[in-house]
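All remarks here apply to the structure that follows.
The values are calculated or read from the model by the stated rules, or taken from the named source; none is laboratory data. Model, not experiment: these values are computed from the prediction. Cβ coordinates were reconstructed from backbone atoms using ideal geometry, including for glycine residues, and neighbour counts include every protein chain displayed. We work out accessible area using only protein heavy atoms, side chains counted, and drop any ligands, DNA or RNA first. Shrake-Rupley method; radii C 1.70, N 1.55, O 1.52, S 1.80 Å.
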Amino acid sequence: MGKIAARNRKARHDYLIEDKLEVGIALVGTEVKSLREGRGSITEAYAGEKEGELFLFNAYIPEYQSGHRFGHETRRPRKLLLHRREIDRLGGLIRRTGITLVPLLIYFNDRGIAKVQLAVARGKKKHDKRAAEKEREW
């Protein structure tokens with residue numbers, strides 16, 4: 001794993017992580033430059049299915065400061081790049097109750113390509129969060 005551009009620290013607190021996978025993400029040039037500066041945020045982001053594809057929704061990547069005036073939308077849905085078999089498997093998991101696809105990291109691999117570490121997660125209830133915090137403090 002290379003340089004980390006954005007991290008979702010709340011994900012491990014709010015969700016019970018069942019599985020992790022690495023996926024590609026389709027970005028425009030100014031988004032890549034903004035992420036290389038470490039200015040992205042994925043704390044409220046989630047992945048979902050739209051028209052048979054998986055997209056990353058609600059991820060905030062601010063406009064690049066040195067870019068031209070026609071930059072990118074800051075919260076647009078960004079396509080996740082997976083094989084068809086993986087899309088079908090994850091789409092089936094999303095349709096089940098209580099399962100969410102949560103991004104944990106956006107990072108650049110050794111070749112400089114932006115990747116997203118997605119987690120198949122189940123939401124924690126309030127008493128689960130308290131028990132995890134109690135165990136951590138002991």
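Given the chain reduced to its alpha-carbon atoms as identical point scatterers, what log10 I(q)/I(0) does the Debye formula return at q = 0.15 Å⁻¹?
-0.76
With unit charges on the beta carbon (Lys/Arg positive, Asp/Glu negative), name the residue among 105, 123, 94 whose Cα is farthest towards the positive pole of the charge dipole of the chain.
123
How large a share of the accessible area of the chain, in percent, is made up of carbon and sulfur atoms when the probe is 1.4 Å and the other protein chains stay in place?
Of all accessible area on the chain, carbon and sulfur atoms account for 47 percent.
Under 5 Å between amide H atoms, partner at least 5 residues away or on a different chain: which partners does residue 15 have, H built in plane at 1.01 Å?
The answer is 124.
With Cβ to Cβ distances under 12 Å as the rule, what net charge do the other residues near residue 82 carry (K, R +1; D, E -1)?
Overall, the nearby charge balance is 0.
Taking only protein heavy atoms and a 1.4 Å probe, what accessible area per residue, in Å², does the chain have with all protein chains in place?
Heavy-atom SASA per residue in the chain reads 63 Å².
Looking only at 89, 36, 75, which one moves most when the chain is put into a Gaussian network model with springs between Cα atoms under 10 Å?
Checking each option, the largest mean-square fluctuation is seen for 89.
Once you put a point 7 Å from the Cα of residue 134 and another 7 Å from the Cα of residue 14, both along the Cβ direction, what distance in nm separates them?
With each label point 7 Å from Cα toward Cβ, the separation is 2.4 nm.
Taking 7 Å along the Cα-to-C-beta vector as the label spot, tell me the residue 113-residue 76 distance in nanometres, rounded to one decimal.
Between residue 113 and residue 76, the label points sit 2.2 nm apart.
Could you calculate the FRET efficiency of residue 65 with residue 26 from 1/(1 + (r/R0)^6), where r is the beta carbon distance between them and R0 is 30 Å, rounded to 0.05?
0.85
Which of the lysines could a cross-linker bridge to residue 50, judged by Cα under 16 Å and excluding same-chain residues fewer than eight apart?
79
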